[in-house]
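J.: Here's a structure for you.
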Amino acid sequence: MKIAVVTGASSGIGLETAKLLSENGYHVYGLSRRVGEDVETLRHLSCDVTDEAQVQAAFQTVFEREGRLDLLVNNAGFGISGAVEDTALDSAKKQLDVNFFGCFLCCKAAVPYLRQSGGRIINISSMAAVLSIPFQSFYSASKSAINALTLALANEVRPFNITVCALMPGDVKTGFTAAREKSESSGAYEAVVQKSVATMEHDEQNGMTPRQLAEAVFHLATKKHPKPLSTCGTQYKVFAVLQKALPQRLVNAIVGKIYT
């Protein structure tokens with residue numbers, strides 16, 4: 001039986017991914033601050049991904065119990081919104097701590113175990129990594145950083161038969177929307193921020209289901225040669241192609257028209 005670790009597994013994409021993997025022959029450990037209910041092939045461990053000691057201890061626990069690790073899915077994350085000018089430094093740091101540095105710490109902890117199995121890391125990024133969204137700049141920055149980490153790490157660990165890839169989903173209907181932390185807007189931005197966030201939330205609540213994303217993760221987990229960066233859903237695949245094909249100035253202007 002293959003062993004997988006999924007972060008942010010208490011709800012949404014992480015929980016659906018953990019369930020789908022456990023339904024298809026994996027013994028799964030879900031890492032999250034809120035511990036869910038264990039079932040036969042899905043167990044939960046309490047872990048704050050921003051705490052290196054907790055992360056190292058969680059992976060050591062998995063390895064001591066199972067003797068191997070085959071797959072890591074880095075899903076833990078949240079979002080903040082607001083103008084750059086209005087964003088507190090602590091809020092920006094928290095965004096990067098969870099989304100990016102949490103991913104880094106889990107990769108760092110997992111690689112020694114994955115080296116033994118020739119396993120795989122799948123990082124959950126976002127289309128916001130390549131289509132940076134106004135008033136969601138630090139979320140976009142955190143996901144762009146994940147893409148960069150993914151590509152660099154993939155080359156570092158290739159000699160050990162470890163593969164690393166990132167999935168860049170578009171809008172997904174989860175509790176992510178309600179959990180978004182919103183910066184107070186100054187008078188200069190208040191109206192446009194409200195419009196932008198309303199557009200984001202509308203798109204998210206009409207987006208893909210967590211199960212659809214879980215199926216995309218499972219496809220990457222079982223594919224022999226996954227692309228380093230990929231997305232899922234027809235419209236988002238089109239967006240990804242257009243983002244590469246069109247001039248950057250034009251692409252950025254279109255994104256600005258949508259969200260401002």
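J.: Give 240, 191 a once-over and let me know the one that is surrounded by fewer than 18 Cβ atoms within 10 Å (Cβ to Cβ) and at pLDDT below 90.
T.: Selected residue: 191, the only one of 240, 191 that is surrounded by fewer than 18 Cβ atoms within 10 Å (Cβ to Cβ) and at pLDDT below 90.
J.: Something else: Does region 216-237 hold any residues that are surrounded by fewer than 13 Cβ atoms within 10 Å (Cβ to Cβ) and modelled with pLDDT under 90, and which are they?
T.: Matches in region 216-237: 234, 235.
J.: Can I ask one more? Considering only region 195-240, state which residues are out of contact with any helix residue (DSSP H, G or I) (no Cβ under 8 Å at 6 or more places or on another chain), among the small types (Gly, Ala, Ser) and in a helix (DSSP H, G or I).
T.: Answer for region 195-240, where residues must be out of contact with any helix residue (DSSP H, G or I) (no Cβ under 8 Å at 6 or more places or on another chain), among the small types (Gly, Ala, Ser) and in a helix (DSSP H, G or I): 198, 216.
J.: Of all residues in region 108-119 being within 19 Å of residue 151 (Cβ to Cβ) and buried (at least 22 other Cβ atoms within 10 Å of the Cβ), which is nearest to the chain's Cα centre (by Cα)?
T.: Step by step, filter region 108-119, then rank; the result is 110.
J.: Search region 235-260 for residues that are free of Cβ contacts under 8 Å to residues at least 24 places away in the same chain and pair each with any residue that is among the hydroxyl-bearing types (Ser, Thr, Tyr) and surrounded by 15 or more Cβ atoms within 10 Å (Cβ to Cβ) when their beta-carbon atoms are under 7 Å apart and the residues are at least 6 apart or on different chains.
T.: The qualifying pairs are 237/231.
J.: Going through region 158-175 one residue at a time, which ones are among the hydrophobic types (A, V, I, L, M, F, W, C) and surrounded by fewer than 19 Cβ atoms within 10 Å (Cβ to Cβ)?
T.: Passing the criteria: only 160.
The values are calculated or read from the model by the stated rules, or taken from the named source; none is laboratory data. Note that the structure is a prediction, hence the values are computed from the model and not measured. A quick note on method: Cβ atoms are made from the backbone with ideal geometry, for glycine too, and the neighbour counts reach across all protein chains shown.
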